[in-house]
1. Picking from 314, 256, which residue would you name as being of a type in the set (Ser, Thr, Tyr), open to solvent by 20 Å² or more (accessible area, probe 1.4 Å) and either in contact with a helix residue (DSSP H, G or I) (Cβ under 7 Å, 6 or more places away or on another chain) or modelled with pLDDT of 90 or more (or both)?
2. Taking interchain pairs and intrachain pairs at least six residues apart, which have beta carbon atoms under 7 angstrom, with the first residue in the stretch 247-271 and under 11 Å from residue 343 (Cα atoms) and the second of a type in the set (Ser, Thr, Tyr) and open to solvent by less than 20 Å² (accessible area, probe 1.4 Å)?
3. Determine whether residue 19 is under 18 Å from residue 78 (Cβ atoms), over 28 Å from the mean Cα position of the chain (by Cα), of a type outside the set (Lys, Arg) and part of a helix (DSSP H, G or I).
4. Give just the number: which of (1) touching a helix residue (DSSP H, G or I) at 6+ places or on another chain (Cβ under 8 Å); (2) at pLDDT 90 or above does residue 202 not satisfy?
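The values are calculated or read from the model by the stated rules, or taken from the named source; none is laboratory data. Just so we're clear, the structure is a prediction, and the values are computed from it rather than from any experiment. Ideal geometry is used to build each Cβ from the backbone, glycine not excepted, and the neighbour counts take in all protein chains shown. Heavy atoms of the whole protein, side chains included, go into the accessibility calculation; ligands, DNA and RNA do not. Shrake-Rupley method; radii C 1.70, N 1.55, O 1.52, S 1.80 Å.
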Amino acid sequence: MTKNLTHLLTHFPDIFTGLAVLLGGLAAGLVVRFVIFGGLRAYGRREESTLPRSIIRHLGTASAWFLPVLAVSLLLPLVPLPPKPFEVLRRFVEFVLILSFAWGLIKTLDVLQDLVQLRYQVGSPDNLRARKLLTQLQFLKKLAASLIGFVAVGLVLMSFETVRRLGTGLLTSAGIASVIVGFAAQRSISNLLAGFQIAFTQPIRIDDVLVVEGEWGRVEEITFTYVVLSIWDERRLVLPLNYFIEKPFQNWTRTSARLTGAVFFQTDYTVPIEALRTELRRLLEASPLWDQRVCVLQVTDSKERTLELRALVSAANASALWDLRCLVREGLVVFLQREFPESLPRTRAEVAGPPVVGAAI
């Protein structure tokens, strides 16, 4: 015990120097981060720019790890440690540096996505180009993040001699392994290929309005393996990517968000058609939901007791069209009730009088 204590006291100055270097590196990295992000905050307040705010939001935490560890790695040669402890410390700093750098690269993808979304906004009325680009961007972002994470973990693992030897041995049997993995992951691989096909041929896009399995909803998310639809009543419909390659579905916003919708009525044969056409035009012109493209009222069928009327209206998107159809339906029904109540559907019947008593036979 005396020998160990003597050894510790002998190397105490080196240990103290090493700790001082490590703490100094950490402090220097934090100071650099404070200066950089302080400048970004000041610039963001002055110029109202999206880029500084996006960098602060996405890269703030990752930089709090990367910059101090980078400073420590630069000062590491100054640490006076014996070879074995120094190698352990060097390996640890290297692992943290690789992982924090990969983390920063992945968060940088979020910054790039913010810049693209600022230029191409999905919320604009004519958002077809933005939805095309955002669909491709979302898929490529997920793919790039997966590759960055895979490479980072691979670099960390390959730094171990045992793992490196194991990897060399696996490469010799890569052909057999690829066949086995191919059979085992056939569905996953087909979904991944379907994801590439959807991202670049784009039968669906982010924010597209679809009718799938009898459900109306918007495309909320496209991942490597599935698509999430936000249904109108706030449910979520999750479907595999292969569904949109193999099965038919309705895409209401494939080439444009503009839509035409129909409103049907059943009325009596005495209904004044021209008066209804005039009222339909008045309702549409008073509504900001109408895009002034289609305003048609036609008799589409004549049944035994009623006439079938169809009003065609148009709007800039599916949500506006739904509200406009409801408005037209309510408005025309109220108009008939108020002005022509006799034109509402009704059933006629002839009631024969009682037979005359004592009539000649």
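1. Working: 314 fails: open to solvent by 20 Å² or more (accessible area, probe 1.4 Å).
Unique residue meeting the criteria: 256.
2. Within 7 Å, the pairs are 267/343; 268/343; 270/343; 271/343.
3. Working: under 18 Å from residue 78 (Cβ atoms): yes; over 28 Å from the mean Cα position of the chain (by Cα): yes; of a type outside the set (Lys, Arg): yes; part of a helix (DSSP H, G or I): yes.
In short, yes.
4. So the condition that residue 202 fails would be (2).
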